[in-house]
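> First the structure, then my questions, so here it is.
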Amino acid sequence: MTEAKVKNAYTMTYAGAGAALSAVFVLILFVLVPQWNRLETQNSMVSLLKEHIRQVQNIAGGDDNLGNALDFYRRRLKSIDLKLPDAEGHSLRMLSGEAKKIGLEVISIKPSKMTKSGVESSAGGYVVKALPVTVRLKGDYIKIGEYLKRVRTSYYSLIIIRDIVFNLANDDAEPSLDAYVNAEIYIKAMVDKKE
């Protein structure tokens with residue numbers, strides 16, 4: 001073999017080795033590293049799930065008591081189910097009735113369109129819908145506070161107050177407030193198969 005052929009053979013060998021090393025580098029960089037990262041993420045998620053399961057077991061008092069905790073949860077849902085109103089008008093009358101008992105003037109009650117709340121009862125065949133409503137009340141600060149307290153404590157699982165806006169009412173000789181109470185009322189509605 002001549003010296004030129006030997007140099008050419010070495011060059012080809014080095015080029016082939018360089019190409020092989022480049023292929024291995026690309027394989028590691030673009031295939032193995034992402035797979036390794038995905039595997040680490042999955043392992044951390046599995047560890048997190050195991051920790052959540054341990055926490056649930058500890059709260060329930062161990063595996064043996066998980067069934068008891070589930071039964072208690074179902075009984076609690078039934079008691080809440082009995083309290084849920086099934087008519088929009090009844091719910092709105094609850095809000096205005098409490099205000100009138102305290103001596104507040106109900107200026108307006110404006111319900112919006114009902115929305116899904118994400119709660120469905122498979123046994124009862126109904127869904128729980130949220131009815132956004134704005135109640136405008138007029139009265140003094142103490143009565144409005146009493147109203148909010150009654151609504152919160154008497155109907156705590158049925159009505160959630162989202163926000164309150166107060167304005168000074170200047171149409172009376174006595175100082176009074178206009179209060180706009182934005183709330184959601186939870187109402188039973190039959191399951192609509194089209195939804």
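The values are calculated or read from the model by the stated rules, or taken from the named source; none is laboratory data. Since we're looking at a predicted model, the values are computed, not measured. With ideal geometry, Cβ positions are generated from the backbone for all residues, glycine too; neighbour counts draw on all protein chains shown.
> For Leu49, which of the numbered conditions (1) in a helix (DSSP H, G or I); (2) closer than 30 Å to Val128 by Cβ; (3) at pLDDT below 80 fails to hold?
(3)
> Now for a different question. Can you name every one of the strands (runs of 3 or more DSSP E) wholly within segment 94-148 that holds 1 or more residues which are loosely packed, with under 14 Cβ neighbours inside 10 Å, charged (D, E, K, R) and modelled with pLDDT of 85 or more?
By residue number, 105-111.
> Need the failing condition index for Leu39 against (1) among the aliphatic types (A, V, I, L, M); (2) surrounded by 10 or more Cβ atoms within 10 Å (Cβ to Cβ); (3) modelled with pLDDT under 80, just the number.
Unmet for Leu39, out of (1) among the aliphatic types (A, V, I, L, M); (2) surrounded by 10 or more Cβ atoms within 10 Å (Cβ to Cβ); (3) modelled with pLDDT under 80: (3).
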